[in-house]
1. Would you mind getting me the FRET efficiency between ASN133 and GLU92? Use the beta-carbon distance for r and R0 = 35 Å, nearest 0.05.
2. Please find, in a Gaussian network model of the chain (springs between Cα atoms separated by less than 10 Å), the residue of MET201, MET90, MET162 whose mean-square fluctuation is greatest.
3. What list of ³J(HN,Hα) couplings, whole Hz, do you get for region 3-20 from phi and the Karplus terms 6.51, -1.76, 1.60, once you set θ to phi - 60° and write x for glycine and proline?
4. Among 173-184, 258-269, 188-199, 104-115, how do they line up from the highest to the lowest mean number of other beta-carbon atoms within 10 Å?
5. Going by alpha carbons, how many degrees (0 to 90, nearest 10) lie between the helix axis of 217-235 and the longest principal axis of the chain?
6. Of the beta bridges DSSP finds with both residues in the chain, what % are antiparallel, to the nearest 5?
7. What is the angle, in °, between the Cα long axis of helix 60-69 and the longest principal axis of the Cα atoms in the chain? Nearest 10 is fine, range 0 to 90.
8. Lys/Arg Cβ at +1, Asp/Glu Cβ at -1, dipole of the chain taken about the Cα centre: which of ALA23, SER176, ILE313 is farthest positive-ward?
Amino acid sequence: MKKIGFLSFGHWSDHPSYLARTAGDTLLQSIDLAVAAEEIGLDGAYFRVHHFARQLASPFPLLSAIGAKTSKIEIGTGVIDMRYENPLYMVEDAGAADLISGGRLQLGISRGSPEQVIEGWRHFGFAPKEGQNDADMGREKALEFLDKLKGQGFAQPNPNPMFPNPPGLLRLEPYSDGLRERIWWGAASNATAVWAAENGMNLQSSTLKFDENGKPFHIQQAEQIRLYKDAWKKAGHERDARVSVSRSIFALVNDQDRYYFGQQGKGADSFGYIEPTQRAVFGKSYAAEPDQLIRELAQDEAIQEADTILLTIPNTLGVDYNIHVLSAILEHVAPALGWR
């Protein structure tokens, strides 16, 4: 049994074949998609966060809107780039969104990926401290975010406040109990997966990771997950860890599917550079008739290690088609693999 969610990159462009041509289109369709996904029994609605791009950026208004219009589906990100964030303000935004949703937020955070502009976080007023790099800054902000989510007071109250204060140091409000345990770290390396476990975060592993030994993507990712689980056990956390993997999976059940994705399933893993000195391995897309898809996915070691699968979707093709894509996986693929 696995939880199955979708992961939307939230693209838009004024392209004649796109149904999401503006930011407004993408935001409103994202809400509709989450509502429809809940109706067909999907477990999660997750969204990427990118800055300076025609994609979804500030996530909390969208997560709050989805939380207000749904009742069961998990709502998350994959991932928020902590280099751009004020951790304290983010605690307030996240607390509000989680309370609106009734405690269904599953926030993926990370150092972030290469962005559209050079050192974009500097435009947001942030810079690494002396001796730090941007990755250090992102992890430091993540730890501060986690600490403040505990709800412990840390700020000295004004002796003459506008409104009466409770006794003692003040915490950030609104506070949402349990949210601290629903934070995920998007890890691109084995070392950061271990670091996430040590700091009590769930693990998100996407469709790429740093190439650490030249093995196929799903094997490297499975190794990463096992290292994470071992580190979690050694850390002595009282709750169980959760692990998600992202995949591009398309069951070809009609001519439209074959037209859009018939060639994608013929690909393979690829190796390349996402940063000048960092080689990465990119996982292949899965696209085939359901029987063949089931056989291929059964051999994916990382999927076997995870408890949650996030299906990347072509959001620009509109809500109806994406619900068809997700429904096809739920109906024709998931039961045979024991996901349902």
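1. After rounding, the FRET efficiency stands at 0.80.
2. MET162
3. My calculation for region 3-20 gives 7, 10, x, 10, 10, 9, 7, x, 6, 8, 6, 7, 10, x, 8, 8, 9, 10 Hz in order.
4. Answer by packing, highest mean first, reads 104-115, 188-199, 173-184, 258-269.
5. It works out to around 30 degrees.
6. 20
7. 70
8. Of the candidates, SER176 comes out farthest on the positive side.
The values are calculated or read from the model by the stated rules, or taken from the named source; none is laboratory data. Computed from a predicted structure; not experimentally measured. For neighbour counting, all protein chains shown are included, and Cβ atoms are generated from backbone atoms with ideal geometry for every residue, glycine included. Protein only, heavy atoms only, side chains kept; ligands, DNA and RNA dropped before computing areas. Shrake-Rupley method; radii C 1.70, N 1.55, O 1.52, S 1.80 Å.
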